[in-house]
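The values are calculated or read from the model by the stated rules, or taken from the named source; none is laboratory data. Here the structure is a predicted model, which means the values were calculated and not measured. Cβ coordinates were reconstructed from backbone atoms using ideal geometry, including for glycine residues, and neighbour counts include every protein chain displayed.
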Amino acid sequence: MKKYLQLFVFCLFTGSSFVLTAQGQRTLAIQYVKPYEYVDSDNNLMAKAYLTGENSNSYKTIVFESGRTLKVEQKDGKAWVWLPVIGEPEMIEITARNSKLNQEQLFTPLVTSDWGYFKEGTFHIISSSHQDIAWMDTPEYCMHERVNEIIAPALDIMKSDKDYYFGMEQALNLKEFVEAHPERKNEVIERYKEGRFTWGATYNQPYEGMQMGEQLIREMYFGKLWIKENFDGVEEETAFNTDVPGRTLQFPQILAKSGVDNLFVSRMREGFYDWHSPDGSSVLTYTPGNYGWAAMFYKLFEEDAIEALHKIQNRVKMWSDYYKKHNLPPHFAIVLSNDASGPVDYGHVVKEWNEIVAKTGTNIPTLRHSTVTSFLSEIKQPGAKFENLEGDRPNIWAYIHGPGHHKAITASRKAGRILPSAEIFGTVDALLNKSFDQYPTQRLSKAFEESIYPDHGWGGKNGHITDSIFKAKLEFAADEADVLLQASLNSIAEKIKTKKSNGIVVYNDLSWKRSGLASAKINNATSYYLVDDKGNVVPSQTSTGNKDEIQFYAAEIPSLGYKTFYLRKGKKNPKVNKSVAPNSLTNDYYTMHLGKGGISYLFDHKLGSEILNTTRFSGGDILAMGYNGNGAGEFTQMTEPNMEDYDKMSNHSGNWEIVADGAVYTEYENKAKFKHVSTVAQRIRVFHQEKKIDFFIDFLNWDGTHNREFRFAVPLNMEDSKIKYEVPLAIAEVGKTEMKNAPGGWAWGGTYDQKPVTIHPREVMNFIAAENEDFTVTMATDVALADWIDPTREAVDYTVLQGILMASHKSCHGEGNWYHQTGDHHFKFSLASHKKDESTSFQFGTASNHPLRTVLKPKSNTNGDLAQEMSFFTVSDPMVRISTIKKSEKNNDVILRLVEMEGKDKEPTIELAVPFKQLVKTNLIEEEESKLPSTGKEFKVNIGHNAIDTYKLIFSE
């Protein structure tokens, strides 16, 4: 409904409202003609209006306090007058033919002449279109709409209006457009270089905490780097993640080290921030509060320049003090953006506005179309003081991805873990072959792109189609990563010298030496045992449920390397110190009792401590609760689960059965029936060669009932613990690494006034750990969300580590789908207790999700060039992780990326199996920064705390 402006004394009103100025008197209302009719007069504008109210037909003049007199013309039953548009409030006397009807009141012009701090500044109209890949409808529908109804029309407007600017927010939209309209690529480049059409430096706008580290980095490869390489060297300076109320710790560093200067966000208090990652790198971050406010509510430019002047002045007055305090140039942004919004050319308003400024000579800011990049280039002037901001913003929309799309996000995490490993061993294989001809560049690139394709727009209208497309892309990426990695491992294995048959090469894809469970397929595995290359018997046993698979404890596998073992006929195993019963176990590490719902007692022999507090839950318990949230939406706090139809595994009988018992591990199984799940199966595997307990949870025939949530719980004998967990490329700590203040900004549901420290559950990568002065418990997880606070009624005070398994809720779109997730689901967790040590938590959690891989060599190979045990790359400090080793994007040089995970400045040494000729420091997207004086098979670098550093190794002249 269109609103008409009515001007009354003292205030603005609509409708028939009035106020009393003195007893018995009423203000006379002034009604302006809309659209405004105005004329030039004495360095001002005079707008046509008429007086309304009792006796208005008797008025003849308006006398201003300044002495100016304006004539009131009685015509067509109305009292017409031309009033000044710009000026200061002043008293007026409205005179009538009968002096008794004369009236004094305050007159406030439509536009006051006081523009405060901005009087000589510039207002920037930033027109852009916020785009989910889908959500408004299917990906195909939305792609067609943005290509043909948003991007193409915006370019068309630019042909006729040379002052028009527009922006999209991600490189994927640009890719879609040039693929649909290759004939317009040069036009796009021209507009880009003019700064009139910008696109955003990331591939899309993801849930940052959903992606693994290299996936988040590849946002820049498929964003900024792709744009630069395909659009005549254009440098995209601004990244957008407009919609999601969540930021991960290392994202500012990823942007800064990719050459991105600015970050545009929303749902956060309006302002300018110097947002720091833990290493100290930062990016200028601007937020308008909520990305769609101007377009949705204020409709600032829908009429004419006078109306725009009137509305904007009221809006910007509150910002004068902020700009003064921070010594900012007087440039103010009016962001006109909304979901899938198209281009609107407000050129007529801009022209009229600036003509008014020129004609009147009043100190009013000028108006122009602009982009975020152009606007921020004006703001970033010497002396400007931006608000310092450190820490992450835990994502309150996290329920939408992992819990709402369990199988899809499992595939996403698998791809994110395996693809870097495929790159690493593909590079190793190429170096051994002295040729990159067989390096799968295109397949790796496609798999990485597919692995980051799903953005924040899960669900929505026809969301079942969108979600199935997202899931298919993620599963393709995970499967392709698996195939590519195994192909490289097979190729390397062919080069290994083995003097005996039935060799098993065990590969470690992590950058520290480690031990763990390995397996190999061979017919009738029960008739074999294993030895290492020195003939020592290795602990082994037949796999649970598969007589043709042997599992064994592979010790001391070199960093990013391998070790060879051999199968032998017969049955041999080292002696294991253990005592096993159907509901209890004791070995060198633990004494464990099993009861209803899981572990009822767990004692750590090495620490001399009882690990669990099972007064409320069992160790490995499964909780079934209600959940009425939407995952993502216009709420300001994460929706908590409720006690509707509450159940837990420990409410059911504990009929434990030993399903496997050997030298490597003992495994127990318990089953129960939950409402809506025909079978909930628990398996608990206790290892005898390492301090580790695995939990396997199977949901069979989940019926998809709406508004249900399931959690895995481990209650700890620990209060007031520190909670640490892995995020992309860093370790976060509750109460330490978050933003300190509530983010502010707003949603339909109110203001984001919750302090980040109180937000839970959190997005996690590989582990969450609870720590006190006595010991630490680390829980490795393959789900995307973890918690540490009891979610039930009358919550306990002690720490309860949890993995959120899944939640069946509905998309927040009015026509959106339910995330029912019917069928079977499988989950895995690993647990270890140890002395307080962040390194142990990180390595245990990461290794639990990176199983050792094997290649069986049935025949001996006495002509192999490689030793039976070898490390291809080693880092002297295990908390400086190699994130990836890959072929350079430009040539056959090798890229190596390091991440410091402990928060300490370090000087590690990196050793290689193949000598290199030259070392070059690059930025994150492989652009050279400096040459370093190193050659040979090792080099030493300085890496700062929490830094992500990238190097190029040149192996040929």
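Does the range 515-524 contain at least one residue that is touching a strand residue (DSSP E or B) at 6+ places or on another chain (Cβ under 9 Å) and either without any contact (Cβ under 8 Å) to a residue 60 or more places away in the chain or in the same structural domain as Leu896 (by TED's automatic domain parsing) (or both)? So far as the range 515-524 goes, yes, one or more of its residues are touching a strand residue (DSSP E or B) at 6+ places or on another chain (Cβ under 9 Å) and either without any contact (Cβ under 8 Å) to a residue 60 or more places away in the chain or in the same structural domain as Leu896 (by TED's automatic domain parsing) (or both).
Please verify whether the range 491-498 includes one or more residues that are modelled with pLDDT of 95 or more, touching a helix residue (DSSP H, G or I) at 6+ places or on another chain (Cβ under 7 Å) and part of a helix (DSSP H, G or I). Yes, the conditions are met somewhere in the range 491-498. Within the range 528-538, not a single residue is touching a Gly at 6+ places or on another chain (Cβ under 8 Å), β-branched (Val, Ile, Thr), surrounded by fewer than 22 Cβ atoms within 10 Å (Cβ to Cβ) and within 29 Å of Asn863 (Cα to Cα). In the range 257-376, counting only strands (runs of 3 or more DSSP E) that sit wholly within it, none holds 3 or more residues that are assigned by TED's automatic domain parsing to the domain that holds Glu237, polar (S, T, N, Q) and at positive phi. Exactly one residue among Lys835, Lys810 is of a type in the set (D, E, K, R), touching a residue at least 40 places away in the same chain (Cβ under 8 Å) and closer than 21 Å to Tyr399 by Cα, and that residue is Lys810. Per the conditions (1) at pLDDT below 95; (2) assigned to a strand (DSSP E or B), the sole criterion not satisfied by Phe123 is (1).
So that you can scan it fast, the table gives a plain yes or no per residue for (1) in a strand (DSSP E or B); (2) modelled with pLDDT of 90 or more; (3) outside the structural domain of Thr362 (by TED's automatic domain parsing):
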| residue | (1), (2), (3) |
| --- | --- |
| Phe10 | no, no, yes |
| Gly15 | no, no, yes |
| Thr21 | yes, no, yes |
| Ile30 | yes, yes, yes |
| Val39 | yes, yes, yes |
| Met46 | yes, yes, yes |
| Thr61 | yes, yes, yes |
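Answer with yes or no whether Asn655 is among the polar types (S, T, N, Q) and within 34 Å of the chain's Cα centre (by Cα). Answer is no for this residue. Of all the numbered requirements in (1) closer than 21 Å to Ser888 by Cβ; (2) outside any helix (DSSP H, G or I); (3) touching a helix residue (DSSP H, G or I) at 6+ places or on another chain (Cβ under 7 Å), Asn395 misses one, and that requirement is (1). Does any residue of the range 868-891 turn out to be surrounded by fewer than 18 Cβ atoms within 10 Å (Cβ to Cβ), free of Cβ contacts under 8 Å to residues at least 40 places away in the same chain and under 16 Å from Gln843 (Cβ atoms)? There is at least one residue in the range 868-891 that is surrounded by fewer than 18 Cβ atoms within 10 Å (Cβ to Cβ), free of Cβ contacts under 8 Å to residues at least 40 places away in the same chain and under 16 Å from Gln843 (Cβ atoms). If the condition is being outside any strand (DSSP E or B), within 22 Å of Ile496 (Cβ to Cβ) and either touching a residue at least 40 places away in the same chain (Cβ under 8 Å) or aliphatic (A, V, I, L, M) (or both), then the range 534-562 contributes Pro558, Ser559, Leu560. Residues satisfying the criterion are absent from the range 598-610 (criterion: in a loop (DSSP other than H, G, I, E, B), buried (at least 18 other Cβ atoms within 10 Å of the Cβ) and not acidic (Asp, Glu)).
Taking every residue in the range 138-163 that is of a type in the set (Ser, Thr, Tyr) and pairing it with any residue that is outside any helix (DSSP H, G or I), at least 6 positions away or on another chain, the pairs with Cβ-Cβ distances below 7 Å are Thr138/Asn462. Take the conditions (1) more than 25 Å from Asp782 (Cβ to Cβ); (2) out of contact with any strand residue (DSSP E or B) (no Cβ under 7 Å at 6 or more places or on another chain); (3) part of a loop (DSSP other than H, G, I, E, B); (4) not acidic (Asp, Glu); His850 misses just one of them, which is (1). Looking for something of a type outside the set (A, V, I, L, M, F, W, C) and closer than 24 Å to Gly633 by Cα - is there at least one such residue anywhere in the range 383-391? Yes, there is a match, as at least one residue in the range 383-391 is of a type outside the set (A, V, I, L, M, F, W, C) and closer than 24 Å to Gly633 by Cα.
Only one of the listed residues (Ala624, Ala663, Ala632) is touching a residue at least 60 places away in the same chain (Cβ under 8 Å), in a strand (DSSP E or B), buried (at least 16 other Cβ atoms within 10 Å of the Cβ) and small (Gly, Ala, Ser). That residue is Ala624.
The residues of the range 279-301 that are under 17 Å from Tyr752 (Cα atoms) and in contact with a Phe, Trp or Tyr (Cβ under 7 Å, 6 or more places away or on another chain), listed by number, are Tyr286, Gly289, Asn290.
Among the residues in the range 888-896, are any under 21 Å from Asn766 (Cβ atoms), modelled with pLDDT of 95 or more, under 34 Å from the mean Cα position of the chain (by Cα) and not in a loop (DSSP other than H, G, I, E, B)? Scanning the range 888-896, I find no residue that is under 21 Å from Asn766 (Cβ atoms), modelled with pLDDT of 95 or more, under 34 Å from the mean Cα position of the chain (by Cα) and not in a loop (DSSP other than H, G, I, E, B), so the answer is no.
Here Asn148 fulfils each of the conditions (1) closer than 25 Å to Asn354 by Cβ; (2) at pLDDT 95 or above; (3) part of a helix (DSSP H, G or I) apart from (1). The combined condition, being among the acidic types (Asp, Glu) and in a strand (DSSP E or B), is fulfilled by Glu726.
A quick yes/no check of all residues on (1) hydroxyl-bearing (Ser, Thr, Tyr); (2) closer than 28 Å to His406 by Cβ; (3) within 37 Å of the chain's Cα centre (by Cα):
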{"position": "Ile504", "(1), (2), (3)": "no, no, no"}
{"position": "Ser515", "(1), (2), (3)": "yes, no, yes"}
{"position": "Thr544", "(1), (2), (3)": "yes, yes, no"}
{"position": "Lys563", "(1), (2), (3)": "no, no, no"}
{"position": "Tyr566", "(1), (2), (3)": "yes, no, no"}
